[in-house]
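J.: Just passing along the structure, written as structure tokens.
What follows is calculated from the coordinates using simple rules that are stated; it is not laboratory data. Quick caveat, the model's predicted, so the values are computed rather than measured. Positions of Cβ are backbone-derived with ideal geometry, glycine not excepted, and every protein chain shown enters the neighbour counts.
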Amino acid sequence: MESPPVVEKTIKPIDCRSVHQICSGQVVLNLCTAAKELVENSLDAGATNVDVKLKDYGADLIEVSDNGCGVEEDNFAGLTLKHYTSKIQNFSDLTNVETFGFRGEALSSLCALSNVSIVTCHKSANIGTRLEFGHSGKITRRVPFSRPQGTTVSVQQLFHTLPVRHKEFQRNIKKVRTSPLVINTGRKKNRIEYNFITILDQQ
């Protein structure tokens with residue numbers, strides 16, 4: 001039996017949106033890494049209290065709220081853009097980096113893979129702000145929002161932009177335990193109080 005003829009195809013670049021989604025899936029591998037990245041951002045912001053809330057085991061919502069310094073208004077636009085960070089400016093800064101994160105990839109990747117909104121109030125602000133982001137990481141909606149100093153990041157429908165990964169994620173979601181990983185992350189910083197809340201789907 002003869003083998004089917006090989007179909008030759010032209011080599012072409014992958015479109016930018018698809019590249020971003022594919023690469024983001026390598027940064028955020030699962031529920032644990034998503035929660036870990038958000039908690040590390042909270043710790044880098046000087047938080048002493050971190051609340052981690054999962055709705056339907058994290059399949060519907062992952063939310064991390066803290067009492068850190070909050071985000072200044074001037075930093076809103078770059079908050080979720082790829083390789084935008086306040087932690088380093090060039091490669092030589094890596095020798096002195098003292099933060100958990102520094103690549104400027106986590107929030108950008110989460111935007112590409114899910115629906116992200118952030119409520120933040122900087123220590124110098126009189127009122128907080130709620131920001132909603134598109135999959136490109138750009139702000140799509142911004143409104144004043146009352147909250148104390150700190151930041152809350154909400155990630156809804158993680159991996160829904162990658163159908164195969166999303167299906168696998170939902171199938172295995174109940175097997176995942178985030179608490180030990182998050183607490184282990186916080187061991188590098190003292191006097192951190194964690195609260196874990198899981199809201200199950202009642203339907």
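J.: What is the distance, in nm, between label points placed 7 Å from the Cα along the Cα-to-Cβ direction at Lys123 and at Glu168?
T.: So the label points at Lys123 and Glu168 sit 4.2 nm apart.
J.: Most exposed first by the Cβ proxy, i.e. fewest other Cβ within 10 Å, how do Leu79, Leu162 rank?
T.: Leu162, Leu79
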